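Peer 1: So that we are looking at the same thing, I have put the structure below in structure tokens.
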Amino acid sequence: MESHGSHPPGPGRRSTVALPPYERTDSRVCEGTWRFTAPALDSSVPRLRHAVRDLVRRQGVVPDEILQSLLLILSELTTNAVRHAALLSPEIGVEVALRPGRLRVSVEDSHPYRPKALAAAPDEEHIGGRGLLLVKTITSESGGLCDVEQTGTGGKVIWAELPLPFADGALPAAVTSPRPLP
């Protein structure tokens, strides 16, 4: 797995120190954008999740509850890319962007199909197919946004953005999006 970013996560390095869920020792605003690439394989899903978890924890500005939501979203989006796009996209990209008041994760693949979130159908016996619905629900309940955009090369990027609390614990207003995820 390759990684690139404004603050590289340190290849092969894992944090062995347990970090508190949300504690900052200074008032600096941590900002950055990090990009990971991995083969479109099942084994890449947990590797990407762990890399993103370790990266975000090292920044020390994201509460654990928001981090857990982000990791669930990341797992759903990378699993979808591996299961549905691998034939046309042997590699997937994950981007994490941390800005004042928000945290965004994006998953990019080369498949042109724009997915739609399936409706919940409790009386049907589907084992899968509700991952994008879960992503929509998590982002919506947190006051965030998610969307799908086409890339210049014909693929797509699916992103989700979660608001981060300010120092006083209040959540910032969500940023508006021209196209909500279907």
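Values in this text are rule-based calculations from the coordinates and carry no lab data. Quick caveat, the model's predicted, so the values are computed rather than measured. No Cβ is skipped: glycine too gets one built from the backbone with ideal geometry, and neighbour counts run over all protein chains shown.
Peer 1: Per 0.36 nm of contour for each residue apart, how much would the distance between LEU88 and VAL157 grow if the chain were fully extended, relative to their Cα-Cα spacing?
Peer 2: 23.4 nm
Peer 1: Working out 0.36 nm times the residue gap between ASP42 and LEU72, then minus their Cα-Cα distance, what length gain in nm do you get to one decimal?
Peer 2: Values: separation 30, 0.36 × 30 = 10.80 nm, distance 1.54 nm.
Separation in residues times 0.36 nm, less the Cα-Cα distance, equals 9.3 nm.
Peer 1: Find the centroid of the Cα atoms in the stretch 135-155 and in the stretch 27-72, then give the distance between the two in whole Å.
Peer 2: Between the Cα centre of the stretch 135-155 and that of the stretch 27-72, the gap is 17 Å.
Peer 1: Same structure again: Using a basic spin-label model with each label point 7 Å from the Cα along Cα→Cβ, how many nm lie between CYS30 and ARG114?
Peer 2: Label at CYS30, label at ARG114, 3.5 nm between them.
Peer 1: Moving on to the next point. Given Cα positions, please report Rg to Rh for the stretch 71-116, the hydrodynamic radius being the Kirkwood one.
Peer 2: Using only Cα positions, Rg/Rh for the stretch 71-116 is 1.02.
Peer 1: OK, next. Once you wrap a convex hull around the alpha carbon atoms of the stretch 34-113, what is its projected area averaged over all directions, in nm²? Before the final figure, lay out the partial values.
Peer 2: Values: hull surface 19.8 nm².
Mean projected area of the Cα convex hull: 4.9 nm².
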